[in-house]
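Each remark here refers to the structure printed beneath this line.
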Amino acid sequence: MVDGMTAVPGQGEAVADLGHGILPIECQGRRRRWHHRVVSECELCGRPTDGHDRHVRFRLPDPVLDAPGQDRGQEVWKTDEDPNLAVMMMHPEVGPFVRALLAVRLTGAHTVTFGVWVGVTPEDLRRAFDAWWAPGYPDLTLQGRLANAVPPWDVLGARVSLAVKDPKATPYCVASDDPLLSDVLGLEWDHETVLQQLPG
């Protein structure tokens, strides 16, 4: 874990593509059988290509990390005791948060997806809670402020709009009136610059 970030295996927010660029090869010896992995290298940076389409989850909102006791107080409410699995949180000192996905397009047709926290109003937390497991979830939209410092950009606290793109996933960050966060969401970024900031 680096600065509260966790590399996550799997698909969507929960999983990374472990099969990209990996070819299974079987070698038959006299009495043993070996499985080798052949991992292709990126033509742009030389890194293994299976490490390019990444999914990284922030464990807690940055304001909660800075609060006394972090998320362990009795008055801290989460949808799951494990903050890595929680999708909503209410901290008595720093307010309510919901999970969201922030997808960033990288050069070479790759993507890194950050599982972030977004600070919302108490009213929007209630609205999100009422909709999250209900048939109307695909229509949920929210406004809030990004509650994690996403490397390598300084966008902590930027206003962001959330919408559901996949009914089986948390909402996505889809727009922002903050110029830098708008660029993060809309432009293609040099993948070496971004990937070298992520946990292994």
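The values are calculated or read from the model by the stated rules, or taken from the named source; none is laboratory data. Small disclaimer: the values here were computed from a predicted structure and weren't measured. As a convention, Cβ positions derive from the backbone with ideal geometry for all residues, glycine included, and neighbour counts pool all protein chains shown.
Select, from S182, S176, S161, the only residue that is of a type in the set (G, A, S) and surrounded by 20 or more Cβ atoms within 10 Å (Cβ to Cβ). That would be S176, the only listed residue that is of a type in the set (G, A, S) and surrounded by 20 or more Cβ atoms within 10 Å (Cβ to Cβ). What number of residues in the range 114-136 are closer than 12 Å to T170 by Cα and polar (S, T, N, Q)? Of the residues in the range 114-136, 0 are closer than 12 Å to T170 by Cα and polar (S, T, N, Q). Just one of the numbered conditions (1) farther than 28 Å from H191 by Cα; (2) of a type in the set (G, A, S); (3) surrounded by 15 or more Cβ atoms within 10 Å (Cβ to Cβ) is not true of A134: (3). When residues in the range 157-169 are screened for being closer than 18 Å to T121 by Cβ and not in a strand (DSSP E or B), 2 of them pass.
Being buried (at least 20 other Cβ atoms within 10 Å of the Cβ) and of a type in the set (S, T, Y): is that true of T121 here? When the stated conditions are applied, T121 does not pass them. The set of residues in the range 50-83 that are among the charged types (D, E, K, R), closer than 28 Å to E188 by Cα and assigned to a strand (DSSP E or B) comprises R54, R57. Counting only residues that are touching a residue at least 24 places away in the same chain (Cβ under 8 Å) and in a loop (DSSP other than H, G, I, E, B), which one in the range 84-119 is nearest to V155 (Cα to Cα)? Ranking the candidates gives V94 first. Selection of the range 136-156 for residues being part of a loop (DSSP other than H, G, I, E, B) and of a type in the set (A, V, I, L, M, F, W, C) yields L140, A147, A149, V150, W153, V155, L156. Taken across the range 45-55, residues that are more than 23 Å from the chain's Cα centre (by Cα), modelled with pLDDT of 80 or more and either within 25 Å of E192 (Cβ to Cβ) or exposed (fewer than 13 other Cβ atoms within 10 Å of the Cβ) (or both) do not occur at all. Scan the range 150-169 for residues that are touching a Phe, Trp or Tyr at 6+ places or on another chain (Cβ under 9 Å) and either more than 24 Å from V56 (Cβ to Cβ) or of a type in the set (G, A, S) (or both) and jot them down. A163, the sole residue that qualifies.
How many residues are of a type in the set (A, V, I, L, M) and more than 17 Å from A149 (Cβ to Cβ) when one looks only at the range 81-130? It would help to see each step written out before you state the result.
First, the residues of the range 81-130 that are of a type in the set (A, V, I, L, M): 85-90, 94, 98, 100-104, 106, 109, 112, 116, 118, 120, 125, 128.
After this cut, where a residue has to be more than 17 Å from A149 (Cβ to Cβ) as well, the list is 85-90, 98, 103, 106, 109, 120, 125, 128.
Residues flagged as of a type in the set (A, V, I, L, M) and more than 17 Å from A149 (Cβ to Cβ) within the range 81-130 amount to 13.
Scanning the range 170-200 for residues that are more than 15 Å from the chain's Cα centre (by Cα) and outside any helix (DSSP H, G or I) gives A175, S176, D177, D178, L187, E188, W189, D190, Q196.
Of all residues in the range 120-135, one or more are of a type in the set (D, E, K, R), within 17 Å of P61 (Cβ to Cβ), at pLDDT 95 or above and not in a strand (DSSP E or B).
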